[in-house]
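Please read the structure below before turning to the comments.
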Amino acid sequence: MIYVPGDNEWTDCHRANNGAYDPLERLAHLRSLFFPSPQSLGQRTLTLERQSALFPENVRWVVKDVMFAGLHVVGSNNNLGRTPAADAEYAARNAATLEWLHDTFVEARLQEARAVMLVIQANPGFDVAPASRTGFNDFLAALEAETLAFRKPVVLVHGDSHYFRIDKPMIGTRSRRRVENFTRVDVRRERQPLAPRHRGTGQPERLRVRSANRHGQPGRAVARPAWIGACAGVLSRIYGVLTWPSHQIAIVGRLGGPAHAGEAHHDHGWIRRDAHT
């Protein structure tokens, strides 16, 4: 088990209904409790690379030539804008996060990784005005720059939206075009199913990827790149219910949100359900 911190564990603890704790005290306790060594949690552990003693929650590991990294980016605007002490904490952690993000892509190139998967808790607000996401602007700018420079597939896994989607929400700051080598996987809470269930058996349905044009019309099925298997395997182990067939993957529902009949949404593509594959 590889744990990446979220806002419920410390950032939001100042709220009266959460116990009115000091978030910084909670953060210090969190770090001492869950990140005491380079080993992951769980009965079977994995040796991880941790950033430093000050930021041990920022981690990195490699599976099947795919570089994975966990970064401490949390909801509630990444702890920015509430108190001077919180702002100071954000500034130090944000600088460390940006350094870890950059170092991860440097390592990915040195190790000739086929893809990079990043895991954070917060929804950084790809479709939110910069003035309303001040705690995430630095991260999003650095993520765009690193993704464009890497040129291979980059996947960002995050939560905090409380629904599941796979899409391509990154729009190039200069080009104003969709960054095609970037994919976002927005996951639900662990107790909720990520994959559609067959009504008869209750088992996750098999999924497969199809290309789609900007109007959502399905195209030809495409073979699954090997790096997707590694990424999907890690997601499956983390969330337990995301499954992929042996030779292809499927995408379900519309990219970017619930589908509406006859609706076309820019060129996100569409996710569609195929219960017969």
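None of the figures in this text is laboratory data; all of them are computed from the coordinates on show. Fair warning: this is a prediction, and the values are worked out from it, not measured in the lab. Every residue, glycine as well, gets a Cβ built from its backbone with ideal geometry; the counts of neighbours run over all protein chains shown.
Counting other Cβ atoms within 10 Å as a rough exposure proxy, the listed residues 170, 67 run 170, 67 from fewest neighbours to most. Which percent, nearest 5, of DSSP beta bridges in region 21-176 are antiparallel? The antiparallel fraction comes to roughly 45 percent.
Between residue 95 and residue 129, the modelled label-to-label distance comes to 3.1 nm, taking each label 7 Å out from Cα in the direction of the beta carbon.
Let me check I've understood the local charge: for residue 35, count other residues with C-beta under 9 angstrom from its C-beta, Lys and Arg +1, Asp and Glu -1. What total comes out? Around residue 35, the charge tally is +1.
Could you line up 3, 90, 21 from fewest to most neighbouring Cβ atoms inside 10 Å?
The fewest-first ordering by Cβ neighbours comes to 21, 3, 90.
Based on the Cβ-Cβ distance of residue 17 and residue 163, what FRET efficiency does E = 1/(1 + (r/R0)^6) give at R0 = 22 Å, to the nearest 0.05?
With R0 = 22 Å, the Cβ-Cβ based efficiency is 0.40.
If you take the Cα centroid of region 1-73 and the Cα centroid of region 103-138, the two points sit 17 Å apart.
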